[in-house]
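A.B. asks: A single structure is presented below for examination.
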Amino acid sequence: MESTGTVLRELRGAQKTAKGVSLYSRYVNRPAGRVFAAGAYRIGLTPNQVTLISAAFTFAAIASVALVRPSWGLAVTVYAGLAVGFALDSADGQLARLTGRGGPDGEWLDHVVDCAKMILVHTAVLISFQRFSVLPSDGWLLLPLGFLFTAVLTFCAGLLREQLGRAAARPAPDDGAPASVSRMRAVALLPADYGVFCLVFLLLGDRTAFRVGYAALAVVHALFLVAFLVKWFRELKALRAAD
């Protein structure tokens, strides 16, 4: 059995491109996932088993949001569960590339868990608002529904862009941007990163602060959705023009 250090070096050589990835995913989540992937490899876990462990951490944290009265202790617990679940979500793909054991079933399972995660986390916030918060008005209950719509539409539209690009044998083009531009893009993408979204749950101990932080992220994600939809539509239109 290879040493952990050797496995980590092999995993570093099996990373996906950093193009279109925020600084959080590039420098926090992927390295954490690499450590989890190395540990999973050492104990003989499969990529699908890592996906299911990721789901267990994530869904336990989400259930806590809906079922437990907000407090600072809950805030730390929920954030830890979501952050570990996100790192394990990166680990399953890294382990698949390392072992060559990835496949359509693993990709399907990963997408199913991701979709369930984004639906349930905003549903849990809605339940928490209704059960535990004294809201300024009932209109605040629409906020998680709007955020849910934005998250699901972004996920589905992005997945379709990827699949349609593959079908045309033309993935999203590499614009050849210099490193400085790539770094600026990685910073700009931070507010849309799921890892940054998880950070807002550290505010659960103060319900007003959490509500304001969650609302701010909802607005930012809605703006990113518009930008992404325009970008993806133009890319797909360009594919048709190139045929």
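A.B. asks: Can we say Leu135 is at pLDDT 90 or above, in contact with a Lys or Arg (Cβ under 9 Å, 6 or more places away or on another chain) and closer than 28 Å to Arg26 by Cβ? Please lay out each step first, then the result.
C.D. replies: On the way: at pLDDT 90 or above: yes; in contact with a Lys or Arg (Cβ under 9 Å, 6 or more places away or on another chain): yes; closer than 28 Å to Arg26 by Cβ: no.
In short, no.
A.B. asks: List every residue pair whose Cβ atoms lie under 8 Å apart, where the two residues are 6 or more positions apart in sequence or sit on different chains, the first residue falls within region 55-80 and is among the hydrophobic types (A, V, I, L, M, F, W, C), and the second residue, located anywhere, is open to solvent by less than 60 Å² (accessible area, probe 1.4 Å) and not in a helix (DSSP H, G or I).
C.D. replies: Val65/Leu204; Trp72/Leu204; Trp72/Gly205; Leu74/Leu204; Leu74/Gly205; Ala75/Leu204; Ala75/Gly205; Val78/Leu204
A.B. asks: Something else now. Quick one: would you say Arg34 is basic (Lys, Arg) and modelled with pLDDT of 95 or more?
C.D. replies: No; evaluated as a whole, the condition is false for this residue.
A.B. asks: Follow-up. When you scan region 126-147, how many residues do you find that are open to solvent by 40 Å² or more (accessible area, probe 1.4 Å), among the aliphatic types (A, V, I, L, M) and in a helix (DSSP H, G or I)?
C.D. replies: Total satisfying the criteria: 5.
A.B. asks: May I ask you to say which residue of Thr51, Thr123, Thr58 is polar (S, T, N, Q), out of contact with any His (no Cβ under 7 Å at 6 or more places or on another chain), outside any loop (DSSP other than H, G, I, E, B) and surrounded by fewer than 22 Cβ atoms within 10 Å (Cβ to Cβ)?
C.D. replies: Testing whether each residue is polar (S, T, N, Q), out of contact with any His (no Cβ under 7 Å at 6 or more places or on another chain), outside any loop (DSSP other than H, G, I, E, B) and surrounded by fewer than 22 Cβ atoms within 10 Å (Cβ to Cβ) leaves just Thr123.
A.B. asks: Okay, next question. Return a yes/no flag: does region 214-236 have any residue that is open to solvent by less than 40 Å² (accessible area, probe 1.4 Å) and without any contact (Cβ under 8 Å) to a residue 40 or more places away in the chain.
C.D. replies: Within region 214-236 (the criterion being open to solvent by less than 40 Å² (accessible area, probe 1.4 Å) and without any contact (Cβ under 8 Å) to a residue 40 or more places away in the chain), the answer is no, since none of the residues qualifies.
A.B. asks: Please verify whether region 182-192 includes one or more residues that are over 20 Å from Ala83 (Cα atoms) and either among the hydrophobic types (A, V, I, L, M, F, W, C) or at pLDDT 90 or above (or both).
C.D. replies: Yes; the residues of region 182-192 include at least one that is over 20 Å from Ala83 (Cα atoms) and either among the hydrophobic types (A, V, I, L, M, F, W, C) or at pLDDT 90 or above (or both).
A.B. asks: I need the full set of residues from region 90-102 which are open to solvent by less than 30 Å² (accessible area, probe 1.4 Å) and not aliphatic (A, V, I, L, M), in order please.
C.D. replies: Within region 90-102, Ser90, Asp92, Gly93, Gln94 qualify.
A.B. asks: If I ask for residues that are open to solvent by less than 30 Å² (accessible area, probe 1.4 Å) and not aromatic (Phe, Trp, Tyr), which ones from region 197-213 would you list? Even if it seems obvious, please write down each step before you answer.
C.D. replies: Filtering region 197-213 for residues open to solvent by less than 30 Å² (accessible area, probe 1.4 Å) gives 197-198, 200-201, 204-205, 210-211, 213.
Residues satisfying the conditions are Cys198, Val200, Leu204, Gly205, Arg211, Gly213.
A.B. asks: Whether any residue in region 65-73 is in a helix (DSSP H, G or I), surrounded by fewer than 21 Cβ atoms within 10 Å (Cβ to Cβ) and among the small types (Gly, Ala, Ser) is what I want to check.
C.D. replies: Taking every residue of region 65-73 in turn, at least one turns out to be in a helix (DSSP H, G or I), surrounded by fewer than 21 Cβ atoms within 10 Å (Cβ to Cβ) and among the small types (Gly, Ala, Ser).
The values are calculated or read from the model by the stated rules, or taken from the named source; none is laboratory data. Keep in mind that what you see is a predicted model, and the values were worked out from it rather than measured. Positions of Cβ are generated from backbone atoms using ideal geometry, with glycine treated the same way; all protein chains shown enter the neighbour counts. SASA here: full protein model, heavy atoms, side chains in, ligands and nucleic acids out. Shrake-Rupley method; radii C 1.70, N 1.55, O 1.52, S 1.80 Å.
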